[in-house]
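Colleague: The structure is given below, and queries will be raised subsequently.
The values are calculated or read from the model by the stated rules, or taken from the named source; none is laboratory data. Computed from a predicted model, the values in this text were never measured in an experiment. No Cβ is skipped: glycine too gets one built from the backbone with ideal geometry, and neighbour counts run over all protein chains shown.
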Amino acid sequence: MNRFIPLLFFFVLPFFMGCEKAPALFSESDGLYFGTTDGNIYYSFAKYPRKLIDTIQIPVNVFGNASATDRSISIENVKSGDFNAIEGQHFKLISNVVMPANTYKTMVPVIVYRTPDLESSTVQFKLKIDKNAGFPGDGITNQQSVTVNLAYIQQPATWGTFTGLPFAGYSTNFGTWTRTKYKLILDALYDPEKGEAITEFPIGNRFAGQHPILYDQYVIMVRNYIRTNYPGNYGGSGAVLRDPDANNQPIQVGPANY
């Protein structure tokens, strides 16, 4: 009789296996999340010195499925004492932004304004994704908000000091950073075809061969710009541009006089 047990087991096992309940698949309502790496966006009008108004594009992604129809995106300005930007003065949210049909990502436009206070300080505002009928889900929790840092004339983090190693701040290059000098540099390094100016110098060494040759060309461009537009700064006859932040000295670069 025992010889029939394996055969019986062979037929009975599939029966029980067929009766097992199929595991439930993970299911969640569609949501949104910002596609930024660290929750911050930095924008400086210094790169676009001819602009008084611009539009930044903030990436937003779908957490879930694409839809056959457009879906509205709801973005809210988080009002808090931690954020000093004023809606309507420093920035403006665009209404009726949508996630296009059959897509998983889009850009949310936000208008930003160059205001006088940006010459001396940076302002911040925080945007948050709100749930709505099209996106009722939670999305990715830690990417539900983004902080926008808006600036104009602020010292680049990579500038360095007058005698230090970073390229821009070294005495034989641009020297000590001041607002007046930086504005002059932005004008000198402005590319009208691109509508942009050079605003940053990656941390580099002041020694020859230890920084890109292009940086030396930047210094020459600024020096030539000063000689052409403010010949009095180098002892010639003509206009002089003095720096109120440096005892009204005439601005010189490469080498810098302060």
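Colleague: Looking at N205, N233, N229, N224, which one is within 27 Å of the chain's Cα centre (by Cα), in the same structural domain as Y258 (by TED's automatic domain parsing) and more than 27 Å from Y43 (Cβ to Cβ)? Break it down into steps so the answer makes sense when it comes.
Modeller: Details: N233 fails: within 27 Å of the chain's Cα centre (by Cα); N229 fails: within 27 Å of the chain's Cα centre (by Cα); N224 fails: within 27 Å of the chain's Cα centre (by Cα).
Unique residue meeting the criteria: N205.
Colleague: Still on this structure, I have one more. Any residue in region 43-56 that is more than 15 Å from V123 (Cα to Cα) sitting within a Cβ distance under 6 Å of a residue that is assigned to a helix (DSSP H, G or I) and aliphatic (A, V, I, L, M)? List the pairs, counting only those 6 or more apart or interchain.
Modeller: P49/L186
Colleague: If Q154 satisfies all but one of (1) over 30 Å from P231 (Cα atoms); (2) in a loop (DSSP other than H, G, I, E, B), what's the number of the condition it fails?
Modeller: Status for Q154: all satisfied but (1).
Colleague: Among what's in region 160-173 and is of a type outside the set (V, I, T) and modelled with pLDDT of 90 or more, pick the residue that is farthest from S74 (Cα to Cα). Before the answer, list the steps.
Modeller: Residues of region 160-173 that are of a type outside the set (V, I, T), as a first pass: 160, 162, 164-171, 173.
Narrowing the set further to residues that are modelled with pLDDT of 90 or more leaves 167-171, 173.
On the way: F167: 44, A168: 43, G169: 44, Y170: 48, S171: 50, N173: 48 Å.
Here the answer is S171.
Colleague: Within region 93-122, track down each residue that is aliphatic (A, V, I, L, M) and in contact with a strand residue (DSSP E or B) (Cβ under 7 Å, 6 or more places away or on another chain).
Modeller: Filtering region 93-122 down to residues aliphatic (A, V, I, L, M) leaves 93-94, 97-99, 101, 107-108, 110-112, 118.
The answer is L93, I94, V97, V98, M99, M107, V108, V110, I111, V112, L118.
Colleague: Of everything in region 201-258, what is small (G, A, S) and either closer than 23 Å to P166 by Cβ or touching a residue at least 12 places away in the same chain (Cβ under 8 Å) (or both)? Give them in sequence order.
Modeller: Pass one, region 201-258, residues small (G, A, S): 204, 208-209, 232, 235-239, 246, 254, 256.
Matches in region 201-258: G204, A208, G209, G232, A246, G254, A256.
Colleague: For I94, indicate whether it is of a type in the set (A, V, I, L, M, F, W, C), in contact with a Pro (Cβ under 9 Å, 6 or more places away or on another chain) and either surrounded by 14 or more Cβ atoms within 10 Å (Cβ to Cβ) or assigned by TED's automatic domain parsing to the domain that holds L189 (or both). Spell out how you get there, then give the answer.
Modeller: Working: of a type in the set (A, V, I, L, M, F, W, C): yes; in contact with a Pro (Cβ under 9 Å, 6 or more places away or on another chain): yes; either surrounded by 14 or more Cβ atoms within 10 Å (Cβ to Cβ) or assigned by TED's automatic domain parsing to the domain that holds L189 (or both): no.
When the stated conditions are applied, I94 does not pass them.
Colleague: Could you check L127 against (1) surrounded by fewer than 13 Cβ atoms within 10 Å (Cβ to Cβ); (2) touching a residue at least 40 places away in the same chain (Cβ under 8 Å) and say which number it fails?
Modeller: L127 satisfies every listed condition except (1).
Colleague: While we're here: Please enumerate the residues belonging to region 56-72 that are closer than 30 Å to I153 by Cβ and surrounded by 14 or more Cβ atoms within 10 Å (Cβ to Cβ).
Modeller: Filtering region 56-72 down to residues closer than 30 Å to I153 by Cβ leaves 56-59.
The answer is I56, I58, P59.
Colleague: Would you mind stating whether T176 is under 29 Å from S121 (Cβ atoms), under 31 Å from the mean Cα position of the chain (by Cα) and either at pLDDT below 95 or surrounded by 14 or more Cβ atoms within 10 Å (Cβ to Cβ) (or both)?
Modeller: Values: under 29 Å from S121 (Cβ atoms): yes; under 31 Å from the mean Cα position of the chain (by Cα): yes; either at pLDDT below 95 or surrounded by 14 or more Cβ atoms within 10 Å (Cβ to Cβ) (or both): yes.
Criteria met by T176.
Colleague: If you take the residues in region 134-169 that are of a type in the set (G, A, S) and touching a residue at least 60 places away in the same chain (Cβ under 8 Å), which one is surrounded by the most Cβ atoms within 10 Å (Cβ to Cβ)? Outline the logic, then answer.
Modeller: Kept after step one, since they are of a type in the set (G, A, S), are these residues of region 134-169: 134, 137, 139, 145, 151, 157, 160, 164, 168-169.
Filter once more, so that each one left must be touching a residue at least 60 places away in the same chain (Cβ under 8 Å): 134, 137, 139, 145, 151.
Details: G134: 18, G137: 14, G139: 22, S145: 16, A151: 17.
Filtering first and then ranking leaves G139.
Colleague: From the list D138, D130, exactly one residue is at pLDDT below 95 and out of contact with any Pro (no Cβ under 9 Å at 6 or more places or on another chain). Which is it?
Modeller: Values: D130 fails: at pLDDT below 95.
Of the residues listed, the single one that is at pLDDT below 95 and out of contact with any Pro (no Cβ under 9 Å at 6 or more places or on another chain) is D138.
Yes/no matrix, rows are residues, columns are (1) assigned to a loop (DSSP other than H, G, I, E, B); (2) in contact with an Asp or Glu (Cβ under 6 Å, 6 or more places away or on another chain); (3) small (G, A, S); (4) modelled with pLDDT of 95 or more:
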{"site": "D38", "(1), (2), (3), (4)": "yes, no, no, no"}
{"site": "R50", "(1), (2), (3), (4)": "yes, no, no, no"}
{"site": "V60", "(1), (2), (3), (4)": "no, no, no, yes"}
{"site": "T69", "(1), (2), (3), (4)": "yes, no, no, yes"}
{"site": "I75", "(1), (2), (3), (4)": "no, no, no, yes"}
{"site": "D82", "(1), (2), (3), (4)": "yes, no, no, no"}
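Colleague: Here is a further query. From the list K105, K128, which one is farther than 30 Å from A246 by Cβ, basic (K, R) and in contact with an Asp or Glu (Cβ under 8 Å, 6 or more places away or on another chain)? Steps first, answer last, please.
Modeller: Numbers: K105 fails: in contact with an Asp or Glu (Cβ under 8 Å, 6 or more places away or on another chain).
Exactly one of K105, K128 is farther than 30 Å from A246 by Cβ, basic (K, R) and in contact with an Asp or Glu (Cβ under 8 Å, 6 or more places away or on another chain), namely K128.
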